[in-house]
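One structure is given below, encoded as structure tokens.
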Amino acid sequence: MGFTFLSSLFTNTEGLINVDIELEFKSTRWFEANLASTLGAWLELKLYNGCRVILSNITNSIQKIFKKNGFYERYQLGRIDDTYDSTIKYEVFSVQDSDDFSNYVSNHVIPKIRLDLSNPVMKSFKLSLNEIFINVQLHAKSDKVYTCGQYYHMNKKVAFTITDLGRTIGTNVREKLCDKQISDSTAIKWATKYGNTTKEHTNVHTEAGGIGLHIIEEFLTENNGVFQIISGNGYWENNEGLIHQRNLDFYFPGTVVNIISKLENTFTWQNDILF
């Protein structure tokens with residue numbers, strides 16, 4: 001539901017320049033905090049295009065979320081301390097800031113997922129997130145990466161979202177395979193398979209290319225988690241091992257990677273090439 005709305009937001013405001021845009025939150029009682037990643041990407045795109053964005057009638061509960069996770073702070077709208085340690089801070093990274101992103105993963109993301117920093121599982125998971133970041137620079141050709149997450153104490157789960165506004169997975173896969181008929185959702189499915197990459201001349205036995213999405217999928221499947229990717233008109237999901245894919249009614253001009261870890265099991269990656 002959240003991704004459908006955000007995709008429609010991009011579609012319905014496409015091409016707007018130097019106008020006022022009001023987002024009415026009067027009927028919104030719940031906003032998934034991690035989706036501030038995607039909302040922030042839309043907001044910065046509109047601000048870049050000279051628009052003035054007004055967020056109106058936001059409930060106190062949603063405002064608290066935005067003040068705790070750094071979303072409001074970035075736009076000088078105030079902040080409050082996250083006393084319950086439940087947020088993964090909203091950040092905007094230049095694609096040149098790979099070291100900053102890596103530190104962010106180590107210091108903010110991994111601790112929320114409750115992985116031991118000395119554990120090989122953590123190393124492979126961190127490698128996977130770093131590859132997603134690098135892929136934004138190499139393949140999406142985007143300038144920025146938007147991230148945000150939330151730890152839900154009651155449900156013992158973590159949601160973490162990475163958004164970019166670059167070339168879509170479908171565009172890259174169709175060019176790689178020289179097949180214009182591949183749908184966006186099928187292209188995403190292809191990209192999650194081990195060793196599949198749109199990098200040129202990549203050897204998966206010696207390079208990181210083609211393993212990032214696959215490792216994250218394996219980790220989340222082992223932990224009864226959820227892995228979602230939205231790119232272009234494509235939606236792909238692995239929900240506790242069950243694969244769903246479909247085409248969206250709206251076009252998302254980039255890629256969203258969303259992970260929800262249930263923090264229940266221990267994952268052991270068995271492939272020797274990683275360590």
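It is to be established whether one or more residues within the stretch 111-126 are touching a Pro at 6+ places or on another chain (Cβ under 9 Å) and more than 29 Å from Leu47 (Cβ to Cβ).
yes
Enumerate the pairs (first residue in the stretch 18-33 and in contact (Cβ under 8 Å) with a residue 40 or more places away in the chain; second residue anywhere and of a type in the set (Val, Ile, Thr)) with beta-carbon separation below 7 Å, excluding pairs fewer than 6 apart on the same chain, so at least 6 apart or on different chains.
Ala33/Ile65; Ala33/Thr87
Do you know which residues across the stretch 142-184 are aliphatic (A, V, I, L, M) and surrounded by fewer than 19 Cβ atoms within 10 Å (Cβ to Cβ)?
Met154, Leu177, Ile182
Among the residues of the stretch 117-141, what is the count of those that are open to solvent by 20 Å² or more (accessible area, probe 1.4 Å) and in contact (Cβ under 8 Å) with a residue 24 or more places away in the chain?
11
Residues being assigned to a helix (DSSP H, G or I), within 21 Å of the chain's Cα centre (by Cα) and under 17 Å from Gly254 (Cβ atoms): count how many of those fall in the stretch 164-190.
Residues in the stretch 164-190 being assigned to a helix (DSSP H, G or I), within 21 Å of the chain's Cα centre (by Cα) and under 17 Å from Gly254 (Cβ atoms): 9 in total.
Taking Ile273 as meeting all but one of (1) touching a Phe, Trp or Tyr at 6+ places or on another chain (Cβ under 9 Å); (2) in a helix (DSSP H, G or I); (3) modelled with pLDDT under 70, write down the number of the exception.
Condition not satisfied by Ile273: (1).
Looking at the stretch 222-233 only, could you name the residues that are outside any loop (DSSP other than H, G, I, E, B) and either surrounded by 21 or more Cβ atoms within 10 Å (Cβ to Cβ) or modelled with pLDDT under 80 (or both)?
Result: Glu222, Phe227, Ile229, Ile230, Ser231, Gly232.
Taking the condition of being in contact (Cβ under 8 Å) with a residue 12 or more places away in the chain, open to solvent by 50 Å² or more (accessible area, probe 1.4 Å) and assigned to a strand (DSSP E or B), how many residues in the stretch 234-265 meet it?
8
Just one of the numbered conditions (1) assigned to a loop (DSSP other than H, G, I, E, B); (2) surrounded by 19 or more Cβ atoms within 10 Å (Cβ to Cβ); (3) modelled with pLDDT of 95 or more is not true of Thr197; which one?
(3)
The values are calculated or read from the model by the stated rules, or taken from the named source; none is laboratory data. This one's a predicted model, so the numbers in the text were calculated from it and none came from an experiment. Positions of Cβ are generated from backbone atoms using ideal geometry, with glycine treated the same way; all protein chains shown enter the neighbour counts. Just so you know, the surface numbers come from the protein's heavy atoms only, side chains and all, with ligands and any DNA or RNA stripped out. Shrake-Rupley method; radii C 1.70, N 1.55, O 1.52, S 1.80 Å.
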